[in-house]
Amino acid sequence: MEPSRMYNVTKSRAVRYCTAFVWVLVVAVFVPSWYMVFAEPFILVPFFIMLLATATVLGVLFHFYLISPRRVELAADALVLHRVRGRKEFRYADIAEIGLWHGKASDMFRFCGSGAFCGFIGWFSGGGLGSHFEYVGRYDDAFYVKTRRGRAYLLSCDGAGEVVEYVRGRLGDCARGGYSRPSSE
């Protein structure tokens, strides 16, 4: 059994700047707002409105931080995307197609997700992939994965070309019947 290979997900300058800007904006908006809530005589309704708004904004930001991509692993039987919390596995037997992505980020339309906070994460459309889910730190390092169930994903990591070539080799093994699931013994 060969050792797994790990590739880091590098964040683009736009992602780093947008993430920092969002945190500065959150502090710039909520600190004075909370000050105003407590500076006046205490009224319960504004307090609960601010509490709900703060909890919602911080909850959404924390969610995108937790699902942001950290590294890609080439394991024995799957391509594994490691996020801050949890992981997403793409078993080689379930992958129909993989390749480097050569589209333009400006061709993307975001349905729901993060447009650069902690990465490009969420449901997007365009770029030659149709409707797809993205875990991208930098579009220059992006590659796509299409599953046999018809789902498409756009991922990124530092060695995207190596990842694509390795997985294509594993897909060839699966197609020839040479791939077998490792036993648990």
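The values are calculated or read from the model by the stated rules, or taken from the named source; none is laboratory data. Keep in mind that what you see is a predicted model, and the values were worked out from it rather than measured. For neighbour counting, all protein chains shown are included, and Cβ atoms are generated from backbone atoms with ideal geometry for every residue, glycine included. For the accessible areas, the whole protein counts, side chains as well, though only heavy atoms, and no ligand, DNA or RNA atoms are used. Shrake-Rupley method; radii C 1.70, N 1.55, O 1.52, S 1.80 Å.
Among the candidates ARG85, ARG5, ARG13, ARG70, the residue that is within 30 Å of GLY169 (Cβ to Cβ) and surrounded by fewer than 16 Cβ atoms within 10 Å (Cβ to Cβ) is uniquely ARG5. Any residue at all in the stretch 57-65 that is open to solvent by less than 60 Å² (accessible area, probe 1.4 Å), assigned to a loop (DSSP other than H, G, I, E, B) and touching a strand residue (DSSP E or B) at 6+ places or on another chain (Cβ under 8 Å)? Looking through the stretch 57-65, none of the residues is open to solvent by less than 60 Å² (accessible area, probe 1.4 Å), assigned to a loop (DSSP other than H, G, I, E, B) and touching a strand residue (DSSP E or B) at 6+ places or on another chain (Cβ under 8 Å).
Listed by first and then second residue, the pairs linking a residue in the stretch 46-61 that is more than 24 Å from GLY115 (Cβ to Cβ) to a residue that is open to solvent by 70 Å² or more (accessible area, probe 1.4 Å) and at pLDDT below 95, with Cβ atoms under 9 Å apart and 6 or more places separating them unless they lie on different chains, are PRO46/MET36; PRO46/GLU40; PHE47/PHE38; MET50/MET36. Checking each residue in the stretch 105-148 for being in contact (Cβ under 8 Å) with a residue 60 or more places away in the chain, assigned to a strand (DSSP E or B) and open to solvent by 20 Å² or more (accessible area, probe 1.4 Å) picks out GLY115, PHE120. If we keep just the residues of the stretch 6-56 that are in contact with a Gly (Cβ under 8 Å, 6 or more places away or on another chain) and not in a helix (DSSP H, G or I), which is nearest to ALA78 (Cα to Cα)? The residue in question is TYR7. Evaluation of TYR135 against the conditions (1) over 12 Å from the mean Cα position of the chain (by Cα); (2) at pLDDT 95 or above; (3) not hydrophobic (A, V, I, L, M, F, W, C) shows that the sole unmet condition is (1).
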